[in-house]
Amino acid sequence: MPNYLCMQRSLPGGGSEKPSPAQMQEMYAKFGAWREKFKENLVDMGGKLGAGRLVTTAPATDGPFVEVKELVGGYMIVSAESLEEAIRVARECPGLVRPGSGVEVIEIHTP
Amino acid sequence: MSTPQLVEHFFRHEYGRLVATLCRRVGVQHIEVVEDAVQSALMAALQSWTVVGLPDNPSAWLFRVAHNDVVGELRQRARRRSILEQYATEDIGTPENGPELFLAREVQDDLLRMLFVCCDEAIPEQSQLELALKTLCGFDIREIALRLFTSEANVYKRLGRARSRLRELPPRTDGLTGEQISSRLPTVRKILYLVFTEGYLSSHAETVIRRELCNEAIRLAAILAEHPIGQAPETFALLALMHLHAARMTARQHGSGGLLLLEEQDRDLWDRQQIQVGLVWLARSAQGDVFSRYHAEAGIAAEHCLAPSFHETRWDKVVECYSLLERIAPSAIHRLNRAVAVAEWQGPAAGLAVLDGFEPPTWLAGSYMWAAVLADLHRRCGNAHTANGYRTLACKAAPTPAVKELLQRRLQIGNAD
C-alpha cells in the first residue's frame, strides 16, 4: 500500500474559540477511537511543525521567506489503498478538518 | 499503541486542581495568568498524549508544564516592569523528569483554599458562584451560561468583576486568616448549596447537565466536610441534604423525560446507597445544638427517603421541619411547601388554612408553583371554579413544556383524588 503525507493547513475563517476542559476530554476520547479504528493505516503520527524557511538559489539575505509554520500546523503519514481511502482516514481525524483547518493529502512515490 | 482511558472529568478536575495549586504558589492576584497557563497545559497534554501516550503521572506532567508557563510569563512581566524576582520561584525541571510535587492532602487544601478565596466578601454572590464554577469545576463561560440559564456576556462581566477584585488583593496574601476562614465558612456553604440547587431544581437544563452540577457540589462539600476547617454540623447537614436529594433524582423523570410527581415516582429507582451515605451525614450533623436551615431541609429529604410509600410518609414530621425552616430562614416558598405538607397530613382544607390571609410576594404570586398549589388544593376541596382559574394561571406561567405537561395532568378538573 502506498503511503500518503497528510499536512494540516490553517485556513482563514477559523474560530479562535478555545475548547473547554470538558470538550478536551471528549476530543481525547474521540482521538483514541479514531486511532483504534485506523491503526492499520497510521504509519507515522508525525507531529507539529515549527518555524522553517524556504531555501532557494537566491541569496539568503533576500526575502521574502516563506515561514512554514504559517501554512502548515502538523503532518502525519498514513498508508492506504488509494488516495480516497487516505482522505477518509484524514477526514475522520478529530479536529483536523473543521472551520479554520484543512488537510492536504499527497501520495508519496517511493522508487 | 492505543490511547489509554482517562478518568471521568479528568480535564475539568485537573483544571480546578491546577488553578488552585498555582494560585497558592504565585498569588491569587495572578489568577488570569494562571488560568491561561492551565488552559495551554491541558491543550499541550491533549496534543502530546494522543500521539505519544500518557506519561507515568499525568497530573505531575500537567503541573510542571503549567507551572513553568506561569513562572515564565511572570518573569517576563517582572522584567518588563522591572519589578524583581519576587515570583521567580525555583525551576522545577522539564515535563519529563521532575520531582513529585504534591500529596493528596495538599491538593484538597488548595481546592478548599480557592473556594474560600472565591467567597471574598467584596465579590457579589452571583460572581462568587460563577468564579467557583470556572476555577474549581473547570467549566468555561459558555458552559456556565448554559448551566445558570444566563447569557455568556453576563457571565463574562461577572467573572471580570470577581477577577478584578482578586487582582486588587495585596501581593502574596497566602494565608487566609483563621478569622477570615470562619467568617467565610457560611458563604462557602451557601455557594455549594447554590451550585447544588442550580443542578437539582433547574427546570431548564438537561438531566445530564443538572446531575453534573449536583455531583460537583457534592464533591466539593465532601472535601469541606472532611477537612478540619469545614467540620461543623451545618456542613454535615448540607452534605446530607445533597445526598438525600440526589438519591431521588433519576426517579423524578419518566423514560421520555417528562417530570413525575413524588407520588408517581418508582421508589425502587431511588439510590439506596446514596440514601445511606446521606443518613450517615445527617446523623453526624446532629451533634451539638446547632440547627440550621440545612438541618431542616435534610430532615425533610430524609423523611421522603425513608417513607415506604407516598401515603405512609410521616407528614407531621415534614410539616414540623418546614415550620422550623420558616423560622430559621423565613421565605414564602417554605410557607407554601408547609401548606402542601399540611394538606397531605390533615387534608386539603387544612392546607388552604395555612395560606389563609397570606399575601405572597410578587415573585411567588406570579410563579406557576403558587398557582399550581392553590389550584390543586381548591380542586381537592371541591371549589371547581376557583381551581380552574388557578389552573389556567399555572399552565400559563409554566417555564417548560415538561412542567406544563405535569400541571395539566395533575390539575385536571374531575381528576379523582
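The values are calculated or read from the model by the stated rules, or taken from the named source; none is laboratory data. The structure displayed is predicted, hence computed values, not measured ones. Positions of Cβ are backbone-derived with ideal geometry, glycine not excepted, and every protein chain shown enters the neighbour counts. Quick note on the areas: whole protein, heavy atoms, side chains included, nothing else; ligands and nucleic acids left out. Shrake-Rupley method; radii C 1.70, N 1.55, O 1.52, S 1.80 Å.
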Semi-axes a, b, c in Å (a largest) for segment B:221-271, each sqrt of 5 times a Cα gyration tensor eigenvalue, come to 31, 9, 8
For chain B, what is the per residue volume of the convex hull drawn over the alpha-carbon atoms, in cubic angstrom?
166
Order A:Ile77, B:Ile300 by their accessible area, 1.4 angstrom probe, all chains in place, largest first.
A:Ile77, B:Ile300
Which of the GluC sites (Glu not before Pro) found in segment B:177-222 are in a DSSP loop and have at most 12 neighbouring Cβ atoms, other than their own, within 10 Å?
B:Glu206
Sorted largest first, the Cα spans of segment B:155-292 on the principal axes come out in Å as 55, 41, 20
Once neighbouring chains are kept in place and the probe is 1.4 Å, which whole percent of the accessible area of the protein assembly as shown is contributed by carbon and sulfur?
54
Distance check, please: which entries in A:Lys18/B:Lys190; B:Lys157/B:Lys404; A:Lys48/B:Lys134; A:Lys18/B:Lys134; A:Lys39/B:Lys134 exceed 25 angstrom between their Cα atoms?
A:Lys18/B:Lys190; B:Lys157/B:Lys404; A:Lys48/B:Lys134; A:Lys39/B:Lys134
So, for the protein assembly as shown, what is the accessible surface per residue at a probe of 1.4 Å, expressed in square angstrom?
49
Taking the Cα centre of the protein assembly as shown as origin and charging only Cβ (+1 Lys, Arg; -1 Asp, Glu), how large is the dipole, in debye to the nearest 20?
1020
With a sphere of radius 14 Å drawn around the Cβ of B:Arg267, what net charge do the other residues whose Cβ falls strictly inside it have (Lys, Arg +1; Asp, Glu -1)?
-4
Added length on full extension, which subtracts the Cα-Cα distance from 0.36 nm per residue, B:Ser331 to B:Thr400
22.4 nm
What does the highest-first list of B:152-158, B:58-64 look like by mean Cβ count within 10 Å?
B:58-64, B:152-158
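From the P(r) of segment B:232-360, can you give the percent of Cα pairs sitting at distances over 20 Å?
48
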Integer Hz, Karplus 6.51/-1.76/1.60 couplings in order for segment B:42-49, x for Gly and Pro
5, 5, 4, 4, 4, 5, 7, 5
Contact-by-burial set, segment B:45-72, min loss 40 Å², accessible area of protein heavy atoms with 1.4 Å probe, reference chain alone, gives B:Leu46, B:Thr50, B:Val51
Per-residue accessible area, 1.4 Å probe, largest first, puts B:Met242, A:Met7 in the order A:Met7, B:Met242
Roughly what would the spin-label model give for A:Met45 and B:His385, points 7 Å off Cα along C-beta, in nm?
7.7
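Quick one: net charge of B:Val354's neighbours, Cβ under 10 Å, K/R +1, D/E -1?
Neighbourhood net charge equals +1.
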With a 1.4 Å probe and all protein chains kept in place, how do B:Asp56, B:Asp356, B:Asp271 rank by accessible area, largest first?
B:Asp56, B:Asp356, B:Asp271
Sticking with the crude label model, points 7 Å out along Cα→Cβ, report the distance from B:Glu121 to A:Ala58 in nm, one decimal please.
6.7
For the pair B:Asp56 and B:Leu201, how long in nm is the line joining their label points, each one 7 Å along Cα→Cβ?
5.0
Once you wrap a convex hull around the alpha carbon atoms of the protein assembly as shown, what is its projected area averaged over all directions, in nm²?
32.6
Summed side-chain charge close to B:Val155 - residues other than B:Val155 whose Cβ falls under 9 Å, Lys, Arg +1, Asp, Glu -1
+2
Between chains B and A, what is the buried accessible area in Å², counting both sides, with a 1.4 Å probe and ligands, DNA and RNA left out, to the nearest 100?
1800
Given only helices, namely DSSP H runs of n ≥ 4 each adding -39500 (n - 2.57), what is the per-residue ellipticity at 222 nm of chain B, to the nearest 500 deg cm²/dmol?
-21500 deg cm²/dmol
